[in-house]
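Peer 1: My questions will all concern the structure given below.
The values are calculated or read from the model by the stated rules, or taken from the named source; none is laboratory data. Please read all numbers here as calculations on a predicted model, not as lab measurements. Neighbour counts run over all protein chains shown; Cβ positions are idealised from the backbone, glycine included. Each accessible area value is taken on the protein alone, full model and side chains, heavy atoms only, with ligands, DNA and RNA left out. Shrake-Rupley method; radii C 1.70, N 1.55, O 1.52, S 1.80 Å.
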Amino acid sequence: MDFISLAKKRCSVRKYTEQKVEPEKLEKILEAAHVAPTAANLQPVRIIAVQSEAGLERLGKAANIYGAPLALIACADRSKAWLRPFDHKQTGDIDASILTDHMMLAAASLGLGSVWICYFKPDILRSGFNLPDHLEPINILTVGYAAEPPADPNRHAKMRIPIDELVTFE
């Protein structure tokens, strides 16, 4: 499947079956994260893969994970992230988001559904997973088999702003 077809196929899934994600599929998703680019290749990112019932329950106290059998918490390592010298913008959140996007598209390529979650309680997540101060949870990606019909891959023509509104040429 070409990239645009894959991107159009991918949709946010908020209802999952109970089927577990196979270890080989999880491995491929994590490999996609591993090859994701980061600013200055500093790799200031860490992932917490949550699959156990107890871990998913702890995570559920911080966010709605929609009954997913797998959740991947993408964290930025603030002690390693690159700083833009002109305004000191730290890129850890950007790096963690690129990594999350790679995992999300890899999941779609494997026939899995996912949803990117930023609506979570960081303090509960931090304490529930004993995160050190230098690790900041940025995104949660829930992954599993969708228990809802797939979205129309042509929905973007109606749901997105037109390209000529999105892009300005100089």
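Peer 1: In Å², what does the accessible area per residue of region 12-65 work out to with a 1.4 Å probe?
Peer 2: Ligands and nucleic acids excluded, the result is 63 Å² per residue.
Peer 1: Taking the Cα-to-Cβ direction at Arg78 and at Lys20 and moving 7 Å from each Cα, how far apart do the two end points lie in nm?
Peer 2: Result for the modelled spin labels: 3.6 nm.
Peer 1: Given the options Leu42, Cys11, Ala81, identify the residue whose Cα lies farthest towards the positive end of the charge dipole of region 1-115 (+1 on Cβ of Lys, Arg; -1 on Cβ of Asp, Glu).
Peer 2: Ranked along the dipole, the leading option is Cys11.
Peer 1: I would also like to ask the following. What nm distance separates the two modelled labels at Gln43 and Arg160, each placed 7 Å from Cα along Cα→Cβ?
Peer 2: Reported label-point gap for Gln43 and Arg160 is 3.2 nm.
Peer 1: Further question on the same structure: Determine how many Å³ per residue the convex hull of the Cα atoms of the chain encloses.
Peer 2: Spread over its residues, the Cα hull of the chain gives 145 Å³ apiece.
Peer 1: Continuing with the same structure: Grab the Cα-Cα distance for Lys61 and Asp123, subtract it from 0.36 nm times how many residues apart they are, and report the gain in nm with one decimal.
Peer 2: The span from Lys61 to Asp123 would gain 21.3 nm if fully extended.
Peer 1: Related question: Applying a 10 Å radius around every beta-carbon, put 45-53, 116-124 in order of their mean neighbour count, most first.
Peer 2: Most protected by this proxy first, the peptides run 45-53, 116-124.
Peer 1: Another question about this same structure. Of all the accessible heavy-atom surface of region 130-170, with the other protein chains kept in place and a 1.4 Å probe, what percent is carbon and sulfur?
Peer 2: 57
Peer 1: Over region 1-113, what percent of the accessible surface lies on carbon and sulfur atoms, probe 1.4 Å?
Peer 2: Here carbon and sulfur together make up 55 percent of the probe-accessible area.
Peer 1: Sorting check: for 64-73, 126-135, 104-113, which peptide has the highest mean count of neighbouring beta carbons within 10 Å, and how do the rest follow?
Peer 2: My ranking of the peptides, most packed first, is 64-73, 104-113, 126-135.
Peer 1: Based on Cβ point charges of +1 for Lys and Arg and -1 for Asp and Glu, what charge dipole magnitude is obtained for the chain about its Cα centre, in debye rounded to the nearest 20? Before the final figure, lay out the partial values.
Peer 2: On the way: 20 positive and 21 negative charges, 58 e Å.
In total the dipole reaches around 280 debye.
Peer 1: Nearest 5 percent is fine: what portion of the DSSP beta bridges confined to the chain is antiparallel? Write out the running numbers ahead of the final one.
Peer 2: Numbers: 21 of 22 bridges.
The antiparallel fraction comes to roughly 95 percent.
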